[in-house]
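Okay, structure first, notes after.
The values are calculated or read from the model by the stated rules, or taken from the named source; none is laboratory data. Owing to the predicted nature of the structure, the values given are computational and were not obtained by experimental measurement. Every residue, glycine among them, receives a Cβ derived from its backbone with ideal geometry; neighbour counts consider all protein chains shown. Side chains included, ligands, DNA and RNA excluded: accessible areas come from the protein's heavy atoms. Shrake-Rupley method; radii C 1.70, N 1.55, O 1.52, S 1.80 Å.
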Amino acid sequence: MIYGRYQLSVFTDASNNLWQLIYGADKNCRFEVADAITGKPKATYILPLPEKQVDRDIFYFTHWQDADGIFWFGTNQGLFRFDEPRKQWKLYKNNTSDTTSISGDYIFSICADPNQPNKYLWIGTNGRGFNRFDKQTGKSTRYSDKDGLPNNTVFGILNDDFGNLWMSTNKGISCFNTQQ
């Protein structure tokens, strides 16, 4: 490891590219993309954080690539949408005066909707429950312990073949039927 440069996450995409999330000495987070087989560099994308952050401020990261090739990145700064062909970023954040915004900016998990994966994502947060996020409108429906969730921290979300979401929380596993 080079001093001042930290690798925060690594994943491959649907096109077999290797993505590395790097925190640099310049206090920018960036993705360095390379061919997963040859290692040949392909692109670098700066994560457009609202302001330069120190590495500990983005230590949690999750991602999802949808069928359209759009990347969805969950961080503790909010939900990022990245359209790689157009090189366009969009950031979705909690807005306390808008109940259709995501419920919290610290995102632990992202999962495609089992029934309408092209329309909705499910987003688990740190202490703010989970959200059904409409990818076209950017609006969310929020769910919390008031709706039967055992705890408002949702670490992971998986869907099953029956339209259910299974979530890990601070108080155990929870099942949510998306068709209700």
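So the values come out like this:
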{"item": "Enumeration of residues in the stretch 154-180 that are farther than 30 Å from D83 by Cβ and open to solvent by less than 20 Å² (accessible area, probe 1.4 Å)", "result": "T169, S174"}
{"item": "Members of the stretch 97-124 found to be more than 15 Å from L79 (Cα to Cα) and free of Cβ contacts under 8 Å to residues at least 24 places away in the same chain, listed by number", "result": "S97, D98, Q116, K119"}
{"item": "Hits in the stretch 13-45 (condition: open to solvent by 70 Å² or more (accessible area, probe 1.4 Å), in a strand (DSSP E or B) and modelled with pLDDT under 90)", "result": "none"}
{"item": "Of all residues making up the stretch 125-152, the number that are of a type in the set (D, E, K, R) and in a strand (DSSP E or B)", "result": "3"}
{"item": "Test for W122: is it open to solvent by less than 10 Å² (accessible area, probe 1.4 Å), more than 21 Å from I46 (Cα to Cα) and not in a loop (DSSP other than H, G, I, E, B)", "result": "yes"}
{"item": "Of all residues in the stretch 94-109 being in a loop (DSSP other than H, G, I, E, B) and among the β-branched types (V, I, T), the one that is surrounded by the most Cβ atoms within 10 Å (Cβ to Cβ)", "result": "I102"}
{"item": "Any hit, the stretch 57-74, residues being modelled with pLDDT under 85 and of a type in the set (V, I, T)", "result": "yes"}
{"item": "Pairs where the first residue, in the stretch 151-176, is without any contact (Cβ under 8 Å) to a residue 24 or more places away in the chain and the second is of a type in the set (S, T, Y) and part of a strand (DSSP E or B), C-beta under 9 Å, 6+ apart", "result": "N151/T169; N151/S174; W166/S174; S168/S109; S168/S174"}
{"item": "Of all residues making up the stretch 125-138, the number that are free of Cβ contacts under 8 Å to residues at least 40 places away in the same chain, surrounded by fewer than 17 Cβ atoms within 10 Å (Cβ to Cβ) and under 15 Å from the mean Cα position of the chain (by Cα)", "result": "1"}
{"item": "Condition check for P85: under 28 Å from S15 (Cα atoms), open to solvent by 10 Å² or more (accessible area, probe 1.4 Å), touching a residue at least 60 places away in the same chain (Cβ under 8 Å) and part of a loop (DSSP other than H, G, I, E, B)", "result": "no"}
